[in-house]
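Accompanying notes for the structure given below.
The values are calculated or read from the model by the stated rules, or taken from the named source; none is laboratory data. Note that the structure is predicted; figures quoted are calculated from it, not measured. Cβ coordinates were reconstructed from backbone atoms using ideal geometry, including for glycine residues, and neighbour counts include every protein chain displayed. For accessibility, only protein heavy atoms count, side chains too; no ligands or nucleic acids. Shrake-Rupley method; radii C 1.70, N 1.55, O 1.52, S 1.80 Å.
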Amino acid sequence: MRGFARKRGVYVAQLDRTERTILSRVVADTALLLGTRLDVERPEQEDDPLAALAWSADGVAAPTDPALARLLPNASEDDGVASEFRRLTEGDLRAQKVERLRMVWGALLAPGERLEVMPERALDWAAALTDVRLVLSERLGIETDDDAEAVYQTATRRRRAGDEDEVRAALASLYMALTWLQESLMSVMLKAL
């Protein structure tokens with residue numbers, strides 16, 4: 001994996017097929033957590049523009065999965081305000097997140113090792129990578145800088161096959177790779193300002 005660099009007005013990274021497959025799966029898993037399978041055709045748009053309004057008169061419960069709660073946090077400490085805000089915004093927020101994840105997923109499935117991001121879509125890419133990292137950070141128990149450092153140590157420690165922490169180490173390595181990839185994207189975006 002090579003991080004993003006600006007080449008001819010486009011942000012370009014290099015990911016081999018294995019890296020692209022792993023990242024596309026975790027992106028798809030994040031979309032699934034939001035309630036959408038990326039490998040299924042999207043329904044056709046309705047002609048009625050009011051049909052797209054996602055809010056309803058019914059309440060929407062806060063997520064019980066801690067990772068989903070990180071993606072869709074309460075907007076207020078006041079339960080009534082949080083519930084009302086969630087009712088009015090959660091459908092649209094989920095849809096926006098899924099569309100960004102779908103964009104990244106599609107790019108990762110494209111042939112070749114070159115991953116291109118147009119500057120006008122770079123913020124969407126950064127947001128999608130943030131969502132994936134939020135899910136991974138919750139699964140890894142990252143809440144503080146010390147937790148992040150412990151995950152870094154887990155990712156860089158040598159292991160033998162069959163170690164009981166093998167899955168955690170793989171998730172930690174994935175989290176660190178996504179962090180590095182996102183940082184490289186943000187760095188080229190800042191240089192372009």
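Between residue 99 and residue 14, the distance separating the two model label sites (each 7 Å from Cα on the Cα→Cβ line) works out to 3.4 nm.
Distance between the modelled labels on residue 62 and residue 191, one decimal in nanometres: 4.2 nm (7 Å Cα→Cβ projection). Extension gain for the segment residue 77 to residue 143, taken as residue separation times 0.36 nm less the Cα-Cα distance, is 21.9 nm to one decimal.
Residues in the chain average 62 Å² of solvent-accessible surface per residue, probe 1.4 Å, ligands and nucleic acids excluded.
Tell me whether the stretch 97-185 comes out rounded, prolate or oblate; compute the Cα gyration tensor, take square roots of the eigenvalues as a ≥ b ≥ c, and use a/c under 1.5 as the rounded threshold. Prolate.
Placing a label point 7 Å from the Cα of residue 183 along the Cα-to-Cβ line, the residues of the stretch 1-34 whose backbone N sits under 13 Å from it are 3-4.
The modelled label-to-label distance between residue 29 and residue 152, using points 7 Å beyond Cα along the C-beta direction, is 2.3 nm.
The long axis of helix 166-191 is offset from the longest Cα principal axis of the chain by roughly 80 degrees. Only one of (1) 1.20; (2) 1.18; (3) 1.00 was calculated from the structure for Rg/Rh (Cα atoms, Kirkwood Rh), and its label is (3).
Once the Cα atoms of helix 122-140 and of the chain are each reduced to a long axis, what angle between those two axes, in degrees from 0 to 90 to the nearest 10, is obtained? So the inclination is approximately 80 degrees. Surface composition of the chain: carbon plus sulfur atoms hold 52% of the accessible area, using a 1.4 angstrom probe and ignoring ligands, DNA and RNA. For the chain, the 222 nm mean residue ellipticity estimated from helices alone, with every DSSP H stretch of n ≥ 4 adding -39500 (n - 2.57) and the total spread over all residues, rounds to -19500 deg cm²/dmol.
With respect to the chain, whose longest principal axis is taken over its alpha-carbon atoms, helix 79-109 is tilted by about 40°.
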